[in-house]
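Participant: A single structure is presented below for examination.
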Amino acid sequence: MPARRRRSSIRDAASRFEMWDRKVKADTYALQLESVKPLVRGKVAQYQVAHENLISTVRNIVGAFGYEAAIMQEYMWFAQKLWSFKNHYTNEALQKQADSLFIWHVMRGNNEACLRAVAQALGIKISICPSLLPCSSALSF
């Protein structure tokens, strides 16, 4: 027979806040930051370089399509997610993730050709054609 579970305390928002307040102390985080910061500096520097490269790539592509800068953020989200996929997946898994992200952005109303250009700039070829999908009627806005 399994052991009885002990009674759990009922937590509400105020008790959770109090617990958080006790745990989170500036001096504790300062000690952690001092020990972790030297280990992370290189990764943060690499990310900043990659992020700046993504920004300039997306800006050039979106500019070539004649869109205003306000819509660039949509394509930047697409590029960042693709970059993340490229760093985590390979081959078929990467293709499926990229294609599904592409469909999601097309359904949001983003320009298909512009999305393909961003993906191609990152070395990813989108293999799916949204107009051939069964839900293609949902794509016409």
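The values are calculated or read from the model by the stated rules, or taken from the named source; none is laboratory data. For clarity, every value in this text was computed on a predicted model and none was experimentally measured. When we count neighbours, we look across all protein chains shown, and the Cβ atoms used for this are built from the backbone with ideal geometry, even at glycine.
Participant: Restricting to the stretch 61-87, what's the tally of residues that are over 13 Å from Ile124 (Cβ atoms), exposed (fewer than 12 other Cβ atoms within 10 Å of the Cβ) and not aliphatic (A, V, I, L, M)?
Facilitator: 3
Participant: Separate question: Looking only at the stretch 129-141, decide whether some residue is part of a helix (DSSP H, G or I), at pLDDT 85 or above and either of a type in the set (D, E, K, R) or more than 20 Å from Tyr47 (Cβ to Cβ) (or both).
Facilitator: Scanning the stretch 129-141, I find no residue that is part of a helix (DSSP H, G or I), at pLDDT 85 or above and either of a type in the set (D, E, K, R) or more than 20 Å from Tyr47 (Cβ to Cβ) (or both), so the answer is no.
Participant: Also, quick follow-up: Of the conditions (1) at pLDDT below 85; (2) of a type in the set (Lys, Arg); (3) under 30 Å from Cys129 (Cα atoms), Arg6 fails just one. Which one is it?
Facilitator: So the condition that Arg6 fails would be (3).
Participant: Condition first: over 16 Å from Gln73 (Cα atoms) and among the hydrophobic types (A, V, I, L, M, F, W, C). Now tell me which residues in the stretch 88-106 satisfy that.
Facilitator: The first filter runs over the stretch 88-106 and keeps only residues over 16 Å from Gln73 (Cα atoms), leaving 88-100, 103.
Result: Ala93, Leu94, Ala98, Ile103.
Participant: Follow-up question, since we're still on this one. Of (1) in contact with a helix residue (DSSP H, G or I) (Cβ under 9 Å, 6 or more places away or on another chain); (2) at pLDDT 90 or above; (3) surrounded by fewer than 14 Cβ atoms within 10 Å (Cβ to Cβ); (4) not aromatic (Phe, Trp, Tyr), Glu52 satisfies all except one. Which?
Facilitator: Condition (1) is where Glu52 drops out.
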